[in-house]
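K.L.:
Handing you a structure now.
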Amino acid sequence: SITSFYILHVKARAIIQRIKVATQLYWPRQIEDNQTPDSSAFSGDGNPKESSPFINSTDTEKGKEYDGKNMALFEEEMDTSPMVSSLLSGLANYTNLPQGSREHEEAENNEEKRRREGLAPRMGTFMGVYLPCLQNIFGVILFLRLTWVVGIAGIMESFCMVFICCSCVMGPGGSLGPEFGGAVGLCFYLGTTFAGAMYILGTIEILLAYLFPAMAIFKAEDASGEAAAMLNNMRVYGTCVLTCMATVVFVGVKYVNKFALVFLGCVILSILAIYAGVIKSAFDPPNFPICLLGNRTLSRHGFDVCAKLAWEGNETVTTRLWGLFCSSRFLNATCDEYFTRNNVTEIQGIPGAASGLIKENLWSSYLTKGVIVERRGMPSVGLADGTPVDMDHPYVFSDMTSYFTLLVGIYFPSVTGIMAGSNRSGDLRDAQKSIPTGTILAIATTSAVYISSVVLFGACIEGVVLRDKFGEAVNGNLVVGTLAWPSPWVIVIGSFFSTCGAGLQSLTGAPRLLQAISRDGIVPFLQVFGHGKANGEPTWALLLTACICEIGILIASLDEVAPILSMFFLMCYMFVNLACAVQTLLRTPNWRPRFRYYHWTLSFLGMSLCLALMFICSWYYALVAMLIAGLIYKYIEYRGAEKEWGDGIRGLSLSAARYALLRLEEGPPHTKNWRPQLLVLVRVDQDQNVVHPQLLSLTSQLKAGKGLTIVGSVLEGTFLDNHPQAQRAEESIRRLMEAEKVKGFCQVVISSNLRDGVSHLIQSGGLGGLQHNTVLVGWPRNWRQKEDHQTWRNFIELVRETTAGHLALLVTKNVSMFPGNPERFSEGSIDVWWIVHDGGMLMLLPFLLRHHKVWRKCKMRIFTVAQMDDNSIQMKKDLTTFLYHLRITAEVEVVEMHESDISAYTYEKTLVMEQRSQILKQMHLTKNEREREVRFPYPEKVHLTWTKDKSAAEKNKGPSPVSSEGIKDFFSMKPNQSNVRRMHTAVRLNEVIVKKSRDAKLVLLNMPGPPRNRNGDENYMEFLEVLTEHLDRVMLVRGGGREVITIYS
């Protein structure tokens, strides 16, 4: 029906109207413009969303963030705080590739390859951590020096050495801040660079000693010159090899990476050949005979038959060995006495694992330089003591003096390289799982190989062969190669390629490490080495690395270079373990190691072992390495360290500060420990610049960087409106503090009025027991001209509040005349006017000032005032004795102030002061009237340079604009006797001070306390003005109610 249709029509209109109302609540602008609402309408307050800190977010994703009414409550926060879903999505798409690697990939690879490599890393624990660690840990020491170490130290000591060195390296990492991080990073870089030099020297040693001895450029004329000739050959060939390797790294580092597995295969194949040879020697030992003369080992270079005589046909002939010890090849020749007395014996150099040789090689046999390698337990007819040994005879000599600590330094580089897995964290599928697992497995594997090698070498190889560093007794063969199967050449060639590969890896990694440190910006002078080629290759860093590596090459001795890099690696590992221990002990919330068996005691043990090994290896190298690290630390602390790393040192500082603050709460400091902890109150102008920077100069001169300093300021207004101004004021104050070398804190308070703000600073400054005990403030110079006179009221309230809080107060008058830090006083004095006892503040302040360069040449003079009944002579003696016990050097003078009649000048000055005060009270001035009050003639009479002539002249001035009744009351006033007495004291004391201290560089005197009756506050300011008239630099001192100086030290 029509009625029902009308009802439906009305309901439909009501529903449409409700929809419009609801729509206008969400899309008001689109409804007004007749636009269709869409997701872009959710713009909150209209701010653009392009600046939102979403990770990997697009415009479409940003728009989706605001879809849905259930998040409308958080629209205002969307500009600065992303949704959790957006954050997690961004983190999931994050690729942790270093910038240098990304640039190199973009330059070296095509578009398709870049897209393929841009995906998440796919390397697991075995390929990404385990094998790189093996390649870096196994190296030149295993093949060239481990047999010699076992022969010298014996199996027992070698076992302990290997166990200690393998135990001191720990895998986890942490942060000790940019200073420690930069120092340790550079030490790690230097260690890696010198490791490259060591590998190159090992390559040259294998080349010249075992592969191609004829390539030697320098030849020795006799046996004594062989060592020097070898060193020169090492320098020449080492420089050439270094140049070639650096060129290869510069031209194409990708070729080095491609051959990395080949070099690793050589290392593994060589180790397997050693174990195969050990197994074969148990039932079929190799034939490597050695020749002994008595118990002395002979070098095989000059003869072939190990005998003095030989049978040729039916006659006896001499051998080539005879010719080396005798004057001719005839039987009646004159021979060496030891050669004549002892027989020649030939024994097997590799008896095998079943020979029972392990008992003979169990203990050490340290040698001095130039001593012949002898076999223990072998019969020998010795010579008389002191008989010289001919170095031209074919003996095997010790080339250096050996001892346990030296062997530790030489051996330790063989266990370095555990950071290889950590350096590849960006290429790992699960770095948090792979790094500790792979590193620990690599350490366990290499430790097992080293420990088993120590035992097996001692069980299979003759002791004199082990102590023969260069294999002279076994025809110049590599000692470990004589044990290998199927041929010694497997070890020689394998070790040659492995050392070449290790050298290339060092020259590849060290420049990138230096480039990363340079790009961090923590060491400013290294920033030039952060640049390189267009593809990111560190050209300048490679050049510096090659130059440093050349230093190791010029040393030319593998045994001398190894302890150097041991120091740098040990320091690096020590600080890594220290970082882990500190983070754990501090319970840092973000330090959550995934390795379940980790405990801080392991890191602490590793750190202790590293530190001990540094001094065990070489105490002087350790001191030099620590000095280098310390200098780098201080340089970074002084010039760099601009980045916040969230380091453990900061957490340690917070923990130490908390502990110290709790200790300070136990009680007030003893007088011997008292020092002024300053709260410096400064004013800032409209541009938030400090009005009187001389206050901070005085603070620097007074504190010399010691104790607590808080620089505070107050801004009028509300916190919401004035917070940006407060931040600018803090920045301005901090810059000034840095310029004036004031070490302390800055605090800017926003308050509705200055009085409350200063009160808040005095009450809340500091933290716990670390609070200020002294307030330093400037004198309100223009306190008379202020339109509302609030300035001097605030100042007097400040004096009262410091007194109530038992705080000392220092007020500087004429602060603009105080010297800055660059100024120097070549002469003059600091005068102390000691009127009342204030706890010793007046004595302590000049003593502290004279420690600064500005006041150092100023002498200290102390004046005290004697009254009518005082014995001035005795007072001077007592004060001199007191200063002697205080160990303060100063001139003492007692000033006598006799009672005198109050002058008319004093009466008139008091009268003017009271008249001005009374007029202000009677007139009840409004703001506009107070502006007129500034032009009132009588207040003008109270002037800083008031004289009696001016007082007489003022009487002749015209009438004032006040009423006749006010003038009548004005002239009928009589001064208050209490004010007269106080003014009299101020005038008399000022006259004496000006007479004695007019030329003083600084005058310190007691500051009288404010009146208890607040009605006389304005009179108090006049008293202080009169007291300090005609003085250039004045510091009013008010003690805090406690003794601050004592005769006890």
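The values are calculated or read from the model by the stated rules, or taken from the named source; none is laboratory data. It should be emphasised that the depicted structure is a prediction, and the values quoted were computed from it without experimental measurement. Note: ideal-geometry Cβ built from the backbone for every residue, glycine included; neighbour counts use all protein chains shown. Accessible surface is based on the protein model in full, side chains and every heavy atom, while ligands, DNA and RNA are left aside. Shrake-Rupley method; radii C 1.70, N 1.55, O 1.52, S 1.80 Å.
K.L.:
Assuming a ≥ b ≥ c are the square roots of the Cα gyration tensor eigenvalues, decide whether the stretch 525-610 counts as rounded (a/c under 1.5), prolate (otherwise, with a/b larger than b/c) or oblate.
P.N.:
Details: a/c = 3.60, a/b = 1.57, b/c = 2.29.
Oblate, since a/c reaches 1.5 and b/c is not below a/b.
K.L.:
Residue separation times 0.36 nm, minus the C-alpha to C-alpha distance between SER764 and ILE835: what's the value?
P.N.:
Working: separation 71, 0.36 × 71 = 25.56 nm, distance 3.20 nm.
Result: 22.4 nm gained on full extension.
K.L.:
So if R0 is 22 Å, what FRET efficiency would SER224 and SER327 give, r being the distance between their Cβ atoms, rounded to the nearest 0.05?
P.N.:
Values: r = 20 Å, r/R0 = 0.90.
After rounding to 0.05, the efficiency reads 0.65.
K.L.:
Now a separate question. Would you please give the residues with an amide H less than 5 Å from that of VAL865, counting only those at least 5 places away or on a separate chain, with H modeled from the backbone geometry?
P.N.:
Those lying under 5 Å, H to H, from VAL865 are VAL895.
K.L.:
Which translational diffusion coefficient, to the nearest whole µm²/s, is obtained for the stretch 277-341 from the Stokes-Einstein equation, given a Kirkwood hydrodynamic radius over C-alpha pairs, 4 °C and 1.567 mPa s? Walk me through the numbers on the way to the answer.
P.N.:
Numbers: Rh = 13.8 Å.
The estimated diffusion coefficient comes to 94 µm²/s.
K.L.:
Quick check on the stretch 289-389: take the gyration tensor over C-alpha atoms, sort the square-rooted eigenvalues as a ≥ b ≥ c, and tell me if it's rounded (a/c under 1.5), prolate or oblate. The partial results should precede the final answer.
P.N.:
Working: a/c = 2.50, a/b = 1.43, b/c = 1.76.
Verdict is oblate for the stretch 289-389.
K.L.:
Okay, moving on. Order LYS743, LYS308 by their accessible area, 1.4 angstrom probe, all chains in place, largest first. Spell out each step's value before the answer.
P.N.:
Values: LYS743 150, LYS308 40 Å².
The ordering from most to least exposed comes out as LYS743, LYS308.
K.L.:
Quick one: if you stick a label point 7 Å off each Cα along the C-beta vector at CYS547 and LEU627, how many nm between them?
P.N.:
Result for the modelled spin labels: 2.2 nm.
K.L.:
Could you tell me which trypsin sites (Lys or Arg not before Pro) in the stretch 675-716 are loop residues by DSSP with no more than 13 other beta carbons within 10 angstrom of their beta carbon? Could you put the intermediate results ahead of the total?
P.N.:
Details: sites: ARG683, LYS703, LYS706; in loops: ARG683, LYS706.
When the trypsin sites (Lys or Arg not before Pro) of the stretch 675-716 are filtered for loop state and at most 13 Cβ neighbours within 10 Å, LYS706 remain.
K.L.:
Where q = 0.24 Å⁻¹, what log10 of I(q)/I(0) comes from the Debye formula for the stretch 700-797, counting one point per Cα?
P.N.:
-1.35
K.L.:
Still on this model: If each of ARG376 and ASP430 carries a label point 7 Å out from its Cα toward its Cβ, how far apart are those two points in nm?
P.N.:
5.1
K.L.:
Sticking with this one: A 19 angstrom limit on the alpha carbon distance is what I want to check against. Which of LYS853/LYS876; LYS634/LYS741; LYS219/LYS308 exceed it?
P.N.:
Working: LYS853/LYS876 30 Å; LYS634/LYS741 17 Å; LYS219/LYS308 28 Å.
Too far apart for the 19 Å limit: LYS853/LYS876; LYS219/LYS308.
K.L.:
Once label points are set 7 Å from the Cα along Cα→Cβ at both ASN287 and LEU605, what is their separation, rounded to one decimal in nm?
P.N.:
It works out to 5.0 nm between the two label points.
K.L.:
Enumerate the calculated ³J(HN,Hα) couplings along the stretch 373-386 in order (Karplus 6.51 cos²θ - 1.76 cosθ + 1.60, θ = phi - 60°), each rounded to whole Hz, writing x wherever the residue is Gly or Pro.
P.N.:
Each residue's phi maps through the Karplus curve to give 6, 10, 8, 6, x, 9, x, 7, 9, x, 9, 5, 4, x Hz.
K.L.:
I've got another one for you. In the neighborhood of ALA153, defined by Cβ-to-Cβ distances under 12 Å, what is the net charge if each Lys or Arg adds +1 and each Asp or Glu adds -1? Could the numbers behind the result be given before it?
P.N.:
Values: positive: ARG145, ARG467; negative: GLU157.
Local charge sum for ALA153: +1.
K.L.:
Could you list which residues have their amide H under 5 Å from that of VAL711, counting only those 5 or more apart in sequence or on another chain, with H placed in the peptide plane?
P.N.:
Here the answer is VAL680, PHE745, CYS746, GLN747, since their amide H atoms fall under 5 Å of that of VAL711.
K.L.:
Dipole of the stretch 277-401, Cα-centred, from +1 at each Lys and Arg C-beta and -1 at each Asp and Glu C-beta, to the nearest 20 debye?
P.N.:
Numbers: 11 positive and 13 negative charges, 58 e Å.
That gives a dipole near 280 debye.
K.L.:
So what's the gap between the Cα centers of the stretch 197-215 and the stretch 604-637, to the nearest angstrom?
P.N.:
When both Cα centres are located, 32 Å separates them.
K.L.:
Once fully extended, how much extra length lies between ARG663 and SER167, figured as 0.36 nm per residue of separation less the alpha-carbon to alpha-carbon distance? Present the calculation step by step, with values, prior to reporting the outcome.
P.N.:
On the way: separation 496, 0.36 × 496 = 178.56 nm, distance 3.85 nm.
Length difference between fully extended and current span is 174.7 nm.
K.L.:
Using alpha carbon centroids, what distance separates the stretch 457-498 and the stretch 738-801, in Å?
P.N.:
82
K.L.:
Once each part is reduced to its C-alpha centroid, what is the distance from the stretch 511-557 to the stretch 271-321 in angstrom?
P.N.:
50
K.L.:
Oh, and also: Residues of the stretch 285-300 with backbone nitrogen within less than 19 Å of a virtual label 7 Å along the Cα-to-Cβ line of THR316, please, listed as ranges.
P.N.:
Within reach of a label on THR316, which here means backbone N under 19 Å from a point 7 Å along Cα→Cβ, the stretch 285-300 contributes 293-294.
K.L.:
Could you give the dipole magnitude of the stretch 463-622 about its Cα centre, charging the beta-carbon of Lys and Arg +1 and that of Asp and Glu -1, in debye to the nearest 20?
P.N.:
Numbers: 9 positive and 7 negative charges, 165 e Å.
The calculation lands at about 800 debye.
K.L.:
Could you compute the FRET efficiency for GLU731 and ARG1042, with r as their C-beta to C-beta distance and R0 at 30 Å, rounded to 0.05? Each step should come with its number before you reach the end.
P.N.:
Details: r = 36 Å, r/R0 = 1.20.
Given R0 = 30 Å and the Cβ-Cβ separation, E is 0.25.
K.L.:
Right, here's the next one. Pull out the extension gain between ASN753 and MET897, defined as 0.36 nm times the separation in residues minus the alpha carbon to alpha carbon distance; nm, one decimal.
P.N.:
Numbers: separation 144, 0.36 × 144 = 51.84 nm, distance 4.34 nm.
Gain on stretching ASN753 to MET897: 47.5 nm.
K.L.:
OK, next. Looking at the stretch 743-894, what % of its DSSP beta bridges pair antiparallel, to the nearest 5? Write out the running numbers ahead of the final one.
P.N.:
Working: 1 of 16 bridges.
Antiparallel bridges: around 5 percent, rounded to the nearest 5.
K.L.:
May I pose another question? Please give the FRET efficiency for VAL691 paired with VAL528, using the beta carbon to beta carbon distance and R0 = 35 Å, rounded to the nearest 0.05. All intermediate terms of the calculation are to be shown ahead of the outcome.
P.N.:
On the way: r = 43 Å, r/R0 = 1.23.
Rounded to the nearest 0.05, the efficiency is 0.25.
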